[in-house]
Amino acid sequence: MNAKVSTAVLLALLFAAGTAVAGELEFKDPSGDDKGHGKLVYPTDKAYQKGSFDLVGVTIDASGGDVEVTVEFASKVEDPWDSKSWGGHGFSLQFVQLYIDQDHKAGSGHGSALPGMNVDFAETARWEKVLLISPQPNSRLKSEIGQKAKAQGKDIVLPKKVKVRGKKIVATFKASEVGTWAKGWGVQALVQSNEGYPTKEDLLSRKVNEYEGEHRFGGGNDFDCDSHVIDMLAGAGKGEAGEAKAQYTALGGFTCDASGKGARAKIDMVYPQ
Amino acid sequence: MTHRLLSPRDRSSGARNASSRACGTWRRPSVVVAALCGAAILAASAPASADIANFDMAGNIYTKWLYRNNDNQGILSYGNPFWPENFSGDNGVGSEFELKLMGTVSEFVEADVRLKSRYGSVWQDFFENGNVSYDEPNTSAESLGLDHGEYVKLRGYRVLIRPPYPYLDQVAVGSTDLSMFNPWSIGKIRYTDRDNTKGVFVQGSGGDRTFEWLAGAIALPKLWAGPGWTTGLGDQALDHPLWAKDWAYGTRLDLNLDDITFTLVGTTTLDYEINRADPDATGALYPNCEDQLGDPIPGCERDHAVDLDERYTNTVGTAEIQFDGIDDVSLHVLGAVATSNIDKRYVTNGVADNAGVFPMPYKDTVDGSARVRAELYEPFGMGDVNVQLEYFYIGPEYVSHFAARREADVLLTDGLIEGGQLPTLNVANEFQDFDEPFYESVIGWHGGTGIVSADLDPVTLKFEQTAIGYATNAQGRDVDSVFPDFLHSEGFTDTVLFDYANVLDRGRDPRSVYRKNQERFTTVSVLWTGLALEALADLQVDFKLKYIRDTDGRDASRQDDNYAADIAYGQLTLTLPVGDELTVGLGGQYDVWLEENRSGNESAGYQDYDTTRVRAFTTLKWVFGGAEFAYIIEYVHKEQERELDDDQVFNVLRSKATLGVSW
C-alpha cells in the first residue's frame, strides 16, 4: 500500500472504531452451489463427500475480546487424513479464506485474493485483512505465506484456535490483529480445499483443471486464468436462491485464451446493512 | 522408514504450465529428471507421441537421523517382527528419494507412477551397490543386499479412465490405498504400504451425487492377508501354495439425502488353493486317476482344468447412518456383520503350532459389531461446552482380517494405550519409529464413553470417562487350539519401551484379547487441560492426567489369581513458537503402575509388579522455505519391581530427527 492508501485505511479504522459493532453478524449461502462458476466438479476420491465444500453460512462474533468465525457446510466436516497426526485441527479437506474490506473505498487495500484462488476483488471491495481457516498448523501457514504471499503477509491473520463442531468449523482470531469490527465493513468467504502439497504458486489450495482428477477439481481450465473458488457468499448473503446465480456469474467472469492468458474474475464483498 | 505426507499428493495432471516449468526452470536437474525431461521433449517432437505438456512431476527427499544409547545399527525402531532384515535398528541416518510422474493421456485418461529409492542404507555405508548379500557384512561394498543399495523401485502405478457415460464416473486400475471402504471391512492401508495394494475399481453416481456406487477387485496381499499372515505361501499345510488367484472384492453404496447419509459396504476375501484330488493339479494326489493299488478312482478324469478350494473366506458387511438434521447434534450409527471360514485342510493351526500367535480364531465364526455415537455441540445452552457419547460392542468373534491395521481409530476413547483402537486382530505395530503411535485390538470390547469438553478461554478442558466390559469374558476358553492369545496376555502394555519378542517384559501384546479364564472390567478416566498464554509469547501449556482401573477375576473358582491394576500417569508439555518458523517444546511424564497378580500362571501362581516410569523430552520443529525439520530427544527411566523375579531398571536416551523437502 502506498502512503495515500495507508492514510485512508488509518482514517477508516479511526472512523470505524467510533462505530464499533457488537454482537453477531450472520450470513447465509444457498446450498448446492458448490460449483464455483457453475461448472466445477469435486475430485473423484471418496474423501470428497458430497457437500464438503458447500458453504451454507458464516457467523462472525466480534463481541468479545476475540473475533470468532463460524463457517457452516452442508455436510459434516470430516477428517479423512487424520489431521491431528500432522498438527492439524480435526479436519482435512476445507480451506476457507475470510476477506474483510474495512473501508469500502475504491483502490484501497489488496486487489487480488491470495495465490491459488485466482480471483480479484472489485475496486471498491478491496480487502484490508484476510482470516485463514485451514487445517494446517500455523507454522506451515506462516512458511507458505513467507514463500508465496509475502506482499500481503502482514494483513493475513492466522487463528489462535480452530475447532470442528459437526458441520461447522469455528476459528478464533485475536481482535488486536483483525481490528475493532465496525459498521460498513464488507465480508467475503472463499471456500477452497486444503492441499498439503500445493503447486509452486498456490497457497495450500487445490488445483482446478479442465477435467477432475482423484485429488483435483474439474470443470475449469488447465491454466491459471480461471477462478479456483468452489463456493463463496454472494448477493446480500441471505441464502436466497438467486445468490447461487450471482456467484456463478461473478466467478465465471474470467477470460482464458488458448495460451492461458486472460483476465481474472472480479468478485464483490457482502456489506451487511 | 515411515513418515506421513500431509495429505494425498495430487495425482491428476493436465497442468500444462506446471510441467513446462518443471523441465524449463530447474537450474541443476538431477540425472533422472534431466533424462525424463529430455525424453519427454523428444517425445513431444515426434508427431505421433504425447506432448511434453501432458505430464507433471513431483519430487521428495526425506532424511532421518535415529540415535539411542544402545548398539543397534539401523534406521527403523521397529521393523519386521517375523522375518530378519538388516535395516531395523536404533542408530543411523539415511535418506530416500521419491519421484512421481503424472500424465494426461487424453481428455478421459490419465496415469501416474511413483518411483522411490529403497530405504535401509545409512550414510556410513558410503557405497553399497547391493549386488550381493553376504551372510556377514564385509568391505566389498556389496555385502548388505539391495536394501542398502538405494536402488529406485517402482512403488506405484495407476491408470484412471473417466468415460462420459451416465452413472459411471471413473475406472481406476492399479495401485490403491484402499481408503474407499472403512476400517471395519477393508481398511485404508497403512502409510508405508500405500501403493503396494493393486486393484481395479469402478465408481459412479447419479442425481447430482444423491446416490453413489463403487465396486472393486483387489489383489489379496500374499504377505499378510490370510490365516497365519499368508494366503498360502509358507503354510506347512500346503505343498503347492497358490496365491496369484486370490482376490478381495468390495462394494459401497451411498445415499446422500438432506441431513442424512446412508452408507452400505460389503467386502469378501477369497483365498484359493489347488484341489489336489484333481488329477490336473500341480502335485495331484492321483495324477493318473488310480489309487495306491492301481485301481481307477471313480469320477476321476483329467479335463485340463484345475479345481480350486477356498482356503479362507472372510465376508464383512457394514451399514452406516449419519444424521445431521438437528441443529448442533451429530448422530452416527454403525452396524457390522462378519463371517470367517477356514478350510482346515489348507491352514496350519497357528494357535496350536505357533504359540498362540495367529490373526483369527481357528474355526468358522459369525459375529457382529455396533457403534452409536452422538455429538452434542453446546447443548442446553451451555456455551462452548460439547458432549460426545458413544456406545460400542465389538463381537468376540468378529473377524475382519483386511480391516485397518493402523493409522485409524474406530472408538472415541483414549483407550488403554494411546494411538488407536481397531476391530481386528491383524493390528500392525511394525515398520514404525519409537515416537509413532501404537494400536490395540478392541475385539470383544463392550461399553461406553462420555466426553465433555469446555473452552473457557484461555483454558480448555476435556474429560473422558469410559467403561469397558468384555464380550470375550469366559471360563475355560480354548486358547490352546482355537482362540489366539498371542502368547503374552498379562500386564499393562508398555509401548514406550516395546519389543516384539517381549524380552523386556513389556506386558500384554496389543492384539491379545482372549484368555483361558477372564472376568475383566476396565475403566478409563482422562483429563486434558490446555492453557494458552498470550502474554508469554503464546506459550501453550498442556497437561494430561490418565487413570486406568483394570480388573480381571481370571479363574472364577479361585480368588488368589485376581488381577487388579491401578495405572496412572501425568504428562506436562510446554510448546513455544519462536518467530514464524520455529516451535520448541519441553515435556515430562511420570507413570505409576501398581499391578496385583500381574504375571504368572495357574500352577505357579502370580506375582505383583510395581512400575514407575519417568520420561522427559524436548521437541523442535522448523518450517522454512519449503523444508520441514523435526527433532525429538527423550530420556526414559523405568523401574520395574517384581515380587518374584529380579527387578529391572531401564535408562534409555534416544532421539529422532527428520528433514523433508517436496517440490
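The values are calculated or read from the model by the stated rules, or taken from the named source; none is laboratory data. As the structure is a computational prediction, the values presented were derived from the model and not from experiment. All Cβ positions, even for glycine, are placed from backbone atoms using ideal geometry, and neighbour counts span all protein chains on display.
Taken over the range A:217-248, the criterion of being away from every other protein chain (no Cβ under 12 Å) and without any contact (Cβ under 8 Å) to a residue 40 or more places away in the chain is satisfied by A:Gly235, A:Ala236, A:Gly242, A:Lys245, A:Ala246. Within the range B:465-488, restricting attention to residues that are of a type outside the set (A, V, I, L, M) and buried (at least 20 other Cβ atoms within 10 Å of the Cβ), which residue is nearest to B:Tyr547 (Cα to Cα)? Among those residues, the one meeting the criterion is B:Thr466.
Checked across the range A:199-208, the condition of being modelled with pLDDT under 95, facing another protein chain (nearest Cβ under 7 Å) and in contact with a Leu (Cβ under 6 Å, 6 or more places away or on another chain) holds for no residue. Regarding B:Arg276, is this residue in a strand (DSSP E or B), surrounded by 14 or more Cβ atoms within 10 Å (Cβ to Cβ) and not polar (S, T, N, Q)? Spelling it out, it is not the case that B:Arg276 is in a strand (DSSP E or B), surrounded by 14 or more Cβ atoms within 10 Å (Cβ to Cβ) and not polar (S, T, N, Q). Looking only at the range A:33-74, residues that are hydroxyl-bearing (Ser, Thr, Tyr) and at pLDDT below 95 come to 2 in all.
Working only within the range A:171-195, note down all residues that are more than 14 Å from chain B (Cβ to nearest Cβ) and over 21 Å from B:Ala535 (Cβ atoms).
Within the range A:171-195, the first condition is being more than 14 Å from chain B (Cβ to nearest Cβ), and the residues that meet it are A:178-191.
If the condition is that a residue be more than 14 Å from chain B (Cβ to nearest Cβ) and over 21 Å from B:Ala535 (Cβ atoms), then A:Trp181, A:Ala182, A:Lys183, A:Gly184, A:Trp185, A:Gly186, A:Val187, A:Gln188, A:Ala189, A:Leu190, A:Val191 are the ones that fit.
Checking the stated criteria, B:Leu576 turns out to be touching a Ser or Thr at 6+ places or on another chain (Cβ under 8 Å), within 14 Å of chain A (Cβ to nearest Cβ), surrounded by fewer than 17 Cβ atoms within 10 Å (Cβ to Cβ) and assigned to a strand (DSSP E or B). Checking each residue in the range A:209-234 for being more than 27 Å from A:Lys261 (Cβ to Cβ) and at pLDDT below 95 picks out only A:Glu214. Regarding the range B:588-602, can at least one residue be identified that is modelled with pLDDT under 95, over 29 Å from B:Asp455 (Cβ atoms) and not in a strand (DSSP E or B)? The answer is yes, given that some residue of the range B:588-602 is modelled with pLDDT under 95, over 29 Å from B:Asp455 (Cβ atoms) and not in a strand (DSSP E or B). Being surrounded by fewer than 21 Cβ atoms within 10 Å (Cβ to Cβ), out of contact with any Asp or Glu (no Cβ under 7 Å at 6 or more places or on another chain), of a type in the set (Gly, Ala, Ser) and farther than 27 Å from A:Gly220 by Cα is a property that holds for A:Gly153. Inside the range A:236-254, residues that are surrounded by fewer than 16 Cβ atoms within 10 Å (Cβ to Cβ) and in a helix (DSSP H, G or I) make up a count of 3. Given the conditions (1) surrounded by fewer than 16 Cβ atoms within 10 Å (Cβ to Cβ); (2) outside any strand (DSSP E or B); (3) within 22 Å of the chain's Cα centre (by Cα), report the number of the one that B:Pro227 does not fulfil. The single condition B:Pro227 does not satisfy is (1).
Being touching a Gly at 6+ places or on another chain (Cβ under 7 Å) and surrounded by fewer than 19 Cβ atoms within 10 Å (Cβ to Cβ) is a property that does not hold for B:Asp169. For the range B:218-248, the tally of residues that are of a type in the set (Phe, Trp, Tyr) and within 16 Å of B:Leu308 (Cβ to Cβ) stands at 2.
Anything in the range B:290-312 that is within 47 Å of the chain's Cα centre (by Cα) and either on the phi > 0 side of the Ramachandran plot or part of a loop (DSSP other than H, G, I, E, B) (or both)? List them, or say none.
B:Cys300, B:Glu301, B:Arg302, B:Asp303, B:His304, B:Ala305, B:Val306, B:Asp307
Only one of the numbered conditions (1) part of a strand (DSSP E or B); (2) without any contact (Cβ under 8 Å) to a residue 24 or more places away in the chain is not met by B:Phe543, and that is (2).
Within the group B:Arg373, B:Arg406, which residue is within 14 Å of another protein chain (Cβ to nearest Cβ), of a type in the set (Lys, Arg) and buried (at least 22 other Cβ atoms within 10 Å of the Cβ)? Selected residue: B:Arg406, the only one of B:Arg373, B:Arg406 that is within 14 Å of another protein chain (Cβ to nearest Cβ), of a type in the set (Lys, Arg) and buried (at least 22 other Cβ atoms within 10 Å of the Cβ).
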